[in-house]
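Notes for the one structure printed next.
The values are calculated or read from the model by the stated rules, or taken from the named source; none is laboratory data. Here the structure is a predicted model, which is why all the values come from computation and not from measurement. As a convention, Cβ positions derive from the backbone with ideal geometry for all residues, glycine included, and neighbour counts pool all protein chains shown. Please note that ligands, DNA and RNA were not included when accessible areas were found on the heavy atoms of the full protein model with its side chains. Shrake-Rupley method; radii C 1.70, N 1.55, O 1.52, S 1.80 Å.
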Amino acid sequence: MKLFVIIGVLKMRINNFEDLKLWQKKCPRKTDYKINVLICMGTSCMSSDSEMIAILLEKTLKTRNVIAEVNVIKTGCFGFCGQGPIIKIEPDDITYVQVKVEDIEEIVDSHIINRTIVERLLYQDPHDTDAIKESSGMNFYRKQMRIALRNCGEIDPENIEDYIVNDGYFALSKVLQEYTPEKVIEIIKKAGLRGRGGGGFYTGLKWEMTRRFPGDEKYVICNADEGDPGAFMDRSILEGDPHSILEAMMIAGYAMGAENGLIYIRAEYGIATKRLRIAIDQAKKAGLIGKNIFGTNFNFNIEIKLGAGAFVCGEETALIHSMEGFRGEPTKKPPFPSEAGFRGKPSSVNNVETFANIPAIILKGYEWFSAIGTKGSKGTKVFALAGQIRNNGLVEVPMGTTFREIVYDIGGGHPEGKNIKAIQIGGPSGGVITEEYFDTKIDYDSLISMGAMMGSGGMVIMDEETDMVKVAKFYLEFTQDESCGKCTPCRIGTKRMYEILDRLVKMEGKPEDLDKLKILGENIKNSSLCGLGQTAPNPVLSTMKYFPEEYEAYAYRTKKTAYTIDPKKCIGCTKCARNCPVSCITGTVKEPHYIDESKCIACGACYEACPVDEILKP
């Protein structure tokens with residue numbers, strides 16, 4: 001009987017507010033099934049065969065004649081990316097990690113049919129002797145508070161019914177029924193929501209500015225051009241909860257008097273783009289996008305614009321130019337996009353994570369949201385933990401959480417127990433945070449005072465062996481390569497800074513190069529046209545501030561740059577010699593090998609090839 005009801009609901013078009021309530025009431029729920037099996041279908045897990053795992057799971061359930069009792073939900077990212085592919089079984093609250101295709105029959109036969117947990121597939125916390133059975137018992141999730149990520153890993157992102165069952169589009173319904181546009185803006189302002197993509201400008205103020213400028217044609221723009229190395233928050237939200245972004249954009253359109261929405265997403269985000277297109281198509285068929293939404297006089301349409309992956313197009317004016325078909329170059333502000341944006345019309349640009357908070361704020365109230373976080377930074381923030389950390393993945397915590405809590409309590413510390421030396425936050429636009437600041441509460445203002453910035457939320461962990469000069473060189477190489485070239489300070493200045501760093505790491509630099517780096521960095525910050533150039537020197541200036549001795553070791557040429565072999569541990573396997581690109585390693589089979597330090601280029605090939613860890617880094 002239920003099958004026929006569902007088919008009828010799928011054909012339903014929402015013509016008024018009561019239709020949405022009716023649809024929610026008739027939609028299938030998790031509680032309708034004895035068991036729910038949630039499978040991660042985020043990019044990371046799909047690259048590890050989760051798609052094949054899902055196919056085999058459904059096939060096995062059919063073969064065992066239990067498919068009617070089990071609801072298989074292909075979800076977005078669970079956040080615990082380093083443990084994927086992940087399968088979660090509800091209502092048991094059991095999470096299986098690093099699942100392989102060959103594990104599926106055992107999961108079905110043992111857990112689903114015979115109700116016996118497959119112990120070997122549970123997460124094993126290295127600090128505990130027992131495997132973690134309940135998902136809620138994992139340290140990775142204990143201190144998290146998921147608002148932007150609330151539906152990721154919980155619903156099928158390609159099924160509008162899953163979103164509606166979880167109060168999807170009810171925030172839009174509430175806004176259109178109960179609030180004037182001015183009231184919506186007031187709510188967002190009182191919530192204290194700040195932009196999650198860069199500088200942290202107040203969202204409500206941006207919407208208010210756009211509303212105040214006159215114009216019959218206005219645009220709501222979603223910035224999904226996530227370009228920071230190590231950042232994947234926006235991609236995961238779009239892959240796991242695309243309807244929340246569509247709903248938020250419509251709320252913004254109502255508040256600002258706009259009827260047009262544009263999502264600028266990089267073409268590399270294939271899965272996210274696909275699910276966005278599916279969500280838009282579903283919402284249009286349901287009458288939730290288009291004309292006379294909910295039977296009111298509110299109209300709104302959404303289009304997708306693909307970007308070519310230029311980092312500078314994360315800056316709002318460059319993004320707008322790219323959408324217009326021009327070269328992605330920034331322009332001097334004012335005028336701000338709120339006055340003259342896409343096609344010269346008033347436009348508001350917000351990133352994905354910012355929009356993801358909007359429906360929750362509307363439904364739960366600004367008082368609820370503003371009670372989370374710190375005085376100047378409300379709500380939560382999503383961080384992408386990467387680098388030398390045990391538990392890498394997506395983490396959403398209240399503003400005011402300390403770095404130490406994220407790195408050690410949630411991230412689990414270094415996988416080999418080494419000391420963590422620094423955290424690069426904010427990607428190429430950010431800076432490093434050293435151990436002495438790990439107890440600092442994270443918010444916009446505290447990061448700026450330390451010479452860093454929130455950015456989009458990339459957090460790269462570096463241990464005691466990390467060369468901070470080479471880290472700075474890596475980020476500067478990225479930013480100077482991504483510079484659009486429009487302004488001289490960024491185009492030429494970052495190139496000169498990179499050349500100095502390159503000389504230093506090649507042991508060809510001089511002490512006076514350190515002063516040149518600082519002067520160049522400050523001048524570029526103060527004179528570049530857009531945020532890319534203004535923040536490009538941050539990784540260099542912050543590492544020079546906190547690790548001056550590493551720069552001095554290169555500048556005064558006192559730094560040891562060659563790898564060495566411990567003859568007491570060498571087993572004479574010859575792997576190091578066979579992998580050395582400059583043939584600087586000598587030795588015979590089963591005898592200790594030696595590195596000619598005068599020829600070594602410190603490429604690390606021998607270090608990676610050694611099976612007994614007897615090669616010492618410089």
State the number of residues belonging to region 588-617 that are within 22 Å of residue 554 (Cβ to Cβ), within 33 Å of the chain's Cα centre (by Cα) and either of a type in the set (Lys, Arg) or open to solvent by 60 Å² or more (accessible area, probe 1.4 Å) (or both).
3
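Taking only region 241-272 into account, find how many residues are open to solvent by 10 Å² or more (accessible area, probe 1.4 Å), under 23 Å from residue 312 (Cβ atoms) and either of a type in the set (Val, Ile, Thr) or over 17 Å from the mean Cα position of the chain (by Cα) (or both). Spell out how you get there, then give the answer.
Of region 241-272, the ones open to solvent by 10 Å² or more (accessible area, probe 1.4 Å) are 254, 257, 259-260, 266-271.
Still in the running and under 23 Å from residue 312 (Cβ atoms): 266-270.
When the remaining residues are screened for being either of a type in the set (Val, Ile, Thr) or over 17 Å from the mean Cα position of the chain (by Cα) (or both), the result is none.
Within region 241-272, residues that are open to solvent by 10 Å² or more (accessible area, probe 1.4 Å), under 23 Å from residue 312 (Cβ atoms) and either of a type in the set (Val, Ile, Thr) or over 17 Å from the mean Cα position of the chain (by Cα) (or both) number 0.
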Farther than 30 Å from residue 460 by Cα, open to solvent by less than 40 Å² (accessible area, probe 1.4 Å) and either touching a residue at least 40 places away in the same chain (Cβ under 8 Å) or among the charged types (D, E, K, R) (or both): which single residue out of 294, 232, 213 fits that description?
294
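If you take the residues of region 137-187 that are on the phi > 0 side of the Ramachandran plot and open to solvent by less than 30 Å² (accessible area, probe 1.4 Å), which of them is modelled with the highest pLDDT? Give the steps one after another, and end with the answer.
Here is the first cut: in region 137-187, the residues on the phi > 0 side of the Ramachandran plot are 153, 167, 169.
Now narrow it down to the ones that are open to solvent by less than 30 Å² (accessible area, probe 1.4 Å): 153, 169.
Numbers: 153: 94, 169: 97.
Among those residues, the one meeting the criterion is 169.
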Among (1) open to solvent by 20 Å² or more (accessible area, probe 1.4 Å); (2) at pLDDT below 90; (3) over 18 Å from the mean Cα position of the chain (by Cα), there is one condition residue 453 misses while meeting the rest; what is its number?
(3)
Report every pair of residues separated by at least 6 positions or lying on different chains whose Cβ atoms are under 8 Å apart, first residue within region 197-210 and touching a residue at least 40 places away in the same chain (Cβ under 8 Å) and closer than 19 Å to residue 251 by Cα, second among the aromatic types (Phe, Trp, Tyr) and surrounded by 17 or more Cβ atoms within 10 Å (Cβ to Cβ).
209/336
Region 430-450 - residue that is over 25 Å from residue 469 (Cβ atoms), in contact (Cβ under 8 Å) with a residue 60 or more places away in the chain and outside any loop (DSSP other than H, G, I, E, B) and, of those, most open to solvent (accessible area, probe 1.4 Å)
441
Using beta carbons and a limit of 6 Å, which pairs, at least six apart or on different chains, have the first residue in region 459-472 and open to solvent by 10 Å² or more (accessible area, probe 1.4 Å) and the second one of a type in the set (S, T, N, Q) and modelled with pLDDT of 90 or more?
460/424; 464/419
Among the helices (runs of 4 or more DSSP H) confined wholly to region 474-578, which include 2 or more residues that are open to solvent by less than 10 Å² (accessible area, probe 1.4 Å) and closer than 27 Å to residue 599 by Cα?
494-505, 548-555
Taking the stated definitions as given, is residue 31 in a helix (DSSP H, G or I), more than 29 Å from residue 390 (Cβ to Cβ) and open to solvent by less than 50 Å² (accessible area, probe 1.4 Å)?
no
Examine region 101-109 for a residue that is part of a helix (DSSP H, G or I), of a type in the set (Asp, Glu) and open to solvent by less than 60 Å² (accessible area, probe 1.4 Å), and state whether such a residue exists.
yes
